[in-house]
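**Q** Have a look at this one before I ask anything.
Where a number appears in this text, it was derived from the coordinates with a stated rule and is not lab data. Computed from a predicted model, the values in this text were never measured in an experiment. Heads up, the Cβs are rebuilt from the backbone with ideal geometry, glycines too, and the neighbour counts pull from every protein chain shown.
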Amino acid sequence: MNYDYDVVVVGAGPAGSMSAKTCAENGLKVLLIEKRQEIGTPVRCAEGVSKESLEQFFEIDKKWIAKEVVGAIIYTPDGTTVRLSEGMAGNEVGYVLERKIFDRAIARMASKSGAEVVVKTTAVSMRREKDGVVLGLRRLGEYYEVKSRIVIGADGIESRVGKWGGIDTTIKISEIESCIQYLMSDISFDPDYTHFWIGRKFAPGGYVWLFPKGDGIANVGLGVLPTQTKESAKVWLDRFVEEHYPEGEIIEVVAGGVPVTGPIETAVADNIMLVGDAARHADPITGGGIANALKGGYFAGDVASKAVKARDYSKNFLKRYDELWKNDFGKTLYRNKILQKKFLKLDDETFNKLAKSIGNYDLSEISVKKLVVELIKHNPKLMWDLKDLFL
Ligand SMILES: Cc1cc2nc3c(=O)[nH]c(=O)nc-3n(C[C@H](O)[C@H](O)[C@H](O)COP(=O)(O)OP(=O)(O)OC[C@H]3O[C@@H](n4cnc5c(N)ncnc54)[C@H](O)[C@@H]3O)c2cc1C
């Protein structure tokens, strides 16, 4: 088979652009396709990401960052607050991005490294031929085919590449967090922190977030699990906004789903790799997926480059990518899936109690290990069975 490309990447979100950039930097012939007419819009994200997850890959351009924060404040139903430093608060706290600019910037890096980037182009079919893949594309009404040694599916939550490739990425409705977010102006909050409200009172099966984007302007949103409430995410958000920020103006609305399935068994098949939300790499508790999309994209690009050098595109070779993500953020996905199931059983009173038991500590000083020891000490019945996950 004559190949048009070494690697075709489907989807130019953070996972796809990072994969394409890594492959192109390693000298591969790469095509990155995006079905939307503009990369990065419309934004379906609260845009929070830890500093470390960006800084390990890029020199930060200030234009990508709407706001830098120093930590997170968590509010429980009775108003108890816990303040976490940025280092402790997880993969979504540190920077609040302008994803419209950020997503475009990574795609541009891929292009500068030699990848061919095309927009308004949708992958509509895929079939395997001897030692390669034929991908059917539709661009401005015209159908055409390209041949590639490897296809990387970075096509987000609605991924079709996984299904075409025979990778089991089935998500049950009960494992899709239903999210809605308003970009709000003229509201008042501490802009140096991201803010989270937990408990059934606010968002059954999820949480409310407020991520500052500047003075008086913030992404205010929530996710709920359909198994935990009959009311829609919008009803819950409107109720929250009415109570907390009745003075605010809604200047943008975003809705979307986040897969909170926990890790899938494999993200590869012969000639195929999945990255980011397509590989169900979003965190089961926070729903955050940018950090893992970038890292997974880097791992996939690296393994694809080695596969092309070795001329081996078999599942057996590509499994090296599975090993990389599983030994890295896969461990957290696994742990947080167990925690998520536990959290779903907690009532609001328990959230209040847990928060009160650590409320007196300066959590910018305390390590995660010490924090868990304190939680177990004060709530032995509740926390004991989780100790092995942390200690
Ligand atoms: C409301 C909401 C808030 C969120 N907040 C956060 C947050 O604060 N922090 C965080 O880390 N994560 C957050 N997330 C999750 C985060 O947005 C995703 O995990 C992240 O965007 C995953 O990146 P990706 O590259 O895998 O997929 P995406 O960013 O979804 O990109 C996939 C791309 O593939 C394209 N595509 C799809 N099908 C095709 C096709 N057939 N052909 C061509 N192109 C195709 C799509 O148009 C899209 O551009 C949030 C999600 C939602 C819904």
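**Q** Debye calculation, C-alpha points only, no solvent: report log10 I(q)/I(0) for the chain at q = 0.07, 0.10, 0.11 Å⁻¹, in the same order as the q values.
**A** One equal scatterer on each Cα of the chain leads to -0.32, -0.65, -0.79.
**Q** Within 10 Å of each candidate Cβ there may be at most 15 other Cβ atoms; applying that plus a DSSP loop requirement, which GluC sites (Glu not before Pro) in region 151-195 survive?
**A** Working: sites: 158, 175, 177; in loops: 158.
Sparse-neighbourhood loop GluC sites (Glu not before Pro): 158.
**Q** Out of the GluC sites (Glu not before Pro) in region 10-81, which ones are loop residues according to DSSP with at most 11 other C-beta atoms within 10 Å? Before the final figure, lay out each step's value.
**A** Numbers: sites: 25, 34, 38, 47, 52, 55, 59, 68; in loops: 34, 38, 47, 59.
Loop-located and lightly packed - 59.
**Q** While we're here: From the backbone phi of region 233-243, what are the Karplus-calculated ³J(HN,Hα) couplings (6.51 cos²θ - 1.76 cosθ + 1.60, θ = phi - 60°) in whole Hz, Gly and Pro given as x?
**A** Listing the rounded values in order: 4, 5, 4, 5, 5, 4, 5, 5, 5, 4, 7 Hz.
**Q** Output ³J(HN,Hα) for region 2-8: one whole-Hz value per residue in order, computed from phi by the Karplus curve 6.51 cos²θ - 1.76 cosθ + 1.60 with θ = phi - 60°, and x for Gly and Pro.
**A** Here the 3J(HN,Hα) series is 8, 9, 7, 9, 6, 9, 10 Hz.
**Q** Using a Gaussian network model on the chain with a 10 Å cutoff between Cα atoms, which of 353, 345, 100 fluctuates the most?
**A** Maximum among the listed residues: 345.
**Q** FRET efficiency for residue 190 and residue 44, Cβ-Cβ distance as r, R0 = 30 Å, nearest 0.05?
**A** Numbers: r = 26 Å, r/R0 = 0.86.
E between residue 190 and residue 44, to the nearest 0.05, is 0.70.
**Q** Using only DSSP helix segments of four residues or longer, with each worth -39500 (n - 2.57), what per-residue ellipticity at 222 nm results for the chain after dividing by its residue count and rounding to 500? Each step should come with its number before you reach the end.
**A** Working: 12 runs with 128 residues, N = 391.
Helices in the chain give a 222 nm mean residue ellipticity of -10000 deg cm²/dmol.
**Q** Which whole-angstrom value gives the distance between the alpha carbon centres of region 321-344 and region 17-39?
**A** Rounded to whole Å, the Cα centres lie 27 Å apart.
**Q** Could you list which residues have their amide H under 5 Å from that of residue 58, counting only those 5 or more apart in sequence or on another chain, with H placed in the peptide plane?
**A** So residue 58 has HN proximity to no qualifying residue.
**Q** Among all the lysines, which ones have a C-alpha under 26 Å from residue 147's C-alpha, if same-chain residues fewer than 8 places away are not counted?
**A** By straight Cα distance, residue 147 reaches 21, 29, 35, 112, 120, 130, 163, 306, 309, 315, 319.
**Q** Along region 122-132, what does the Karplus equation 6.51 cos²θ - 1.76 cosθ + 1.60 (θ = phi - 60°) give for ³J(HN,Hα), rounded to whole Hz, x for Gly and Pro?
**A** Karplus values, whole Hz, x for Gly and Pro: 10, 6, 10, 7, 8, 9, 8, 10, 3, 6, x.
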